[in-house]
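The values are calculated or read from the model by the stated rules, or taken from the named source; none is laboratory data. Owing to the predicted nature of the structure, the values given are computational and were not obtained by experimental measurement. Every residue, glycine as well, gets a Cβ built from its backbone with ideal geometry; the counts of neighbours run over all protein chains shown.
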Amino acid sequence: MKHIFRCTLVVLTISLAVPAQAHRAWMLPSATVLSGESPWITVDAAVSNDLFYFEHVPLRLSGIGESAAKDEGRAPMPLHILAPDGSTLEGRNGKTGRYRTTFDVPLEQKGTYKLALANARIMATYTENGERVRWMGPIDQLHKNLPEAAEDLQVIQGSSRMEVFVTSGSPSDSVFVPTNRGLELSPVTHPNDLYAGETAEFRFTLDGQPAADVAVVVIPGGNRYRDALGEIRTMTDADGKVSITWPAAGMYWMEAQYDTAEGVTAPVTRRRASYSATLEVLAL
Amino acid sequence: MHKSLLVFCALAGGLATSLTSAAQLEIEVQIPRLQVAEYHRPYVALWLEQDDQHIADIAVWYDLRLADQEGEKWLKDLRQWWRRSGRGLEMPIDGLSAATRPPGTHRLQLDGAQAPLEKLEPGAYVLVIEAAREVGGRELLRLPFQWPPQQSLTSSALGNSELGRVRLSVSP
């Protein structure tokens, strides 16, 4: 009983995947196209309303600048940095401040690196004794944690992925091998080869299959200095593809969201998947 | 007997080359003298394009002298050159890399019988020149030309900021 109440309280402050309608979670690299021997980048990670401004909370990443304040309800997420040769590396000089987490990444290899945060959880909601209760956790723990008297059970299978791509020297595509879990990006246009006025093509997959009818939104950064949000809204086609024509150079935030009650297997009643990325578009 | 035959062939070969006098391409690049508090010589790249495709590099002027090849850090600021060619190269490259040039007019002469011109298929080409300056701006100019040239022609373009006059002269 006590356990459920504690879970409820904790659940109210933890987000499954930070929902786009409330805030946006993002990573912002200092650069995505680099030349020279062993350049470094520095990355900011934050949760905020506006892009790309730090005004809410830092994105807490495990092993990166964890401060004493980590018990504020958000569990740190593991950051995965994948090098061109398939090895992984750790962020360095990490620090979590009031509004952002910052860390550095040395790029010793030539090619494209991928920084990724991925999350997969089950969220179950049910009515017990007239109250709506929520539980989150891995699917194999679900039945243990559901009381007998659970009514109106809804089970949402959720996954989220956030990525940033950085290239030192010539771009490579080894980091685009999908995990086939959740919503993923298989770029047709390399994400570090984006230029203002040109059209990029991206392909999304859901659990390894082409993700059709996925809502994709692209928002240019710097919205503090203009009235209109300036978002580009589009949907993936039957092959999971979208085309984006970049209006101007700058940093962009892209989010793809998938939400359906169809084709799910019991006990899951709903499938939600999201993917977001920070993309840098250069001037021609 | 054998030796003199070889010598004769070499002479004949040499004579044949000089008779078919190769076409020439001459480029004049003016780097402007700028009145700024902190002046750095610009990074400059010159290359040939055809139908928006990179065909051949001609020259890249950047800070070669810095220790640990630190000058390479800013090559990406030559955005178009970096994208079309530079990022796939291991710098420095003999015959391509050179030090940055001071303000003034600089000449490059390309011989039609040598790389990169000797391998050019006949057609329309564009000479592209891109310049980027530390704590300054970036500029790109294009000069179209036909190869091989049927007659001597000179064309020029004038930059606004980081490049002055760039002159291209072709002669058959």
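Numerical summary
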| item | result |
| --- | --- |
| Residue pairs meeting the criteria (Cβ under 9 Å; at least 6 apart or on separate chains; first closer than 21 Å to A:Thr101 by Cβ and more than 7 Å from chain B (Cβ to nearest Cβ), in segment A:26-39; second among the basic types (Lys, Arg) and part of a loop (DSSP other than H, G, I, E, B)) | A:Leu28/A:Arg100 |
| Conditions (1) of a type outside the set (Asp, Glu); (2) within 14 Å of chain A (Cβ to nearest Cβ); (3) surrounded by 17 or more Cβ atoms within 10 Å (Cβ to Cβ); (4) part of a loop (DSSP other than H, G, I, E, B); number of the one not met by B:Arg83 | (4) |
| Which numbered condition B:Asp68 misses (of (1) within 14 Å of another protein chain (Cβ to nearest Cβ); (2) exposed (fewer than 14 other Cβ atoms within 10 Å of the Cβ); (3) assigned to a strand (DSSP E or B)) | (3) |
| Any hit, segment B:39-54, residues being farther than 30 Å from B:Gly112 by Cα, more than 22 Å from the chain's Cα centre (by Cα) and either within 14 Å of another protein chain (Cβ to nearest Cβ) or modelled with pLDDT under 95 (or both) | no |
| Test: residue in segment A:239-258 that is surrounded by fewer than 16 Cβ atoms within 10 Å (Cβ to Cβ), at pLDDT below 95 and in a strand (DSSP E or B) | no |
| Strands (runs of 3 or more DSSP E) (entirely within segment B:105-172) containing at least 2 residues that are in contact (Cβ under 8 Å) with a residue 24 or more places away in the chain | B:123-132, B:138-147, B:165-171 |
| Hey, A:Val216 surrounded by fewer than 18 Cβ atoms within 10 Å (Cβ to Cβ), in contact (Cβ under 8 Å) with a residue 40 or more places away in the chain and away from every other protein chain (no Cβ under 14 Å) or not | no |
| Members of segment A:105-119 that are over 19 Å from the mean Cα position of the chain (by Cα) and farther than 19 Å from A:Leu279 by Cβ | A:Pro106, A:Glu108, A:Gln109, A:Lys110 |
| Single match in B:Leu153, B:Leu117, B:Leu89 (criterion: farther than 30 Å from A:Glu108 by Cα and surrounded by 14 or more Cβ atoms within 10 Å (Cβ to Cβ)) | B:Leu117 |
| Verdict on A:Val175 being assigned to a strand (DSSP E or B), in contact with a Phe, Trp or Tyr (Cβ under 8 Å, 6 or more places away or on another chain) and of a type outside the set (S, T, N, Q) | no |
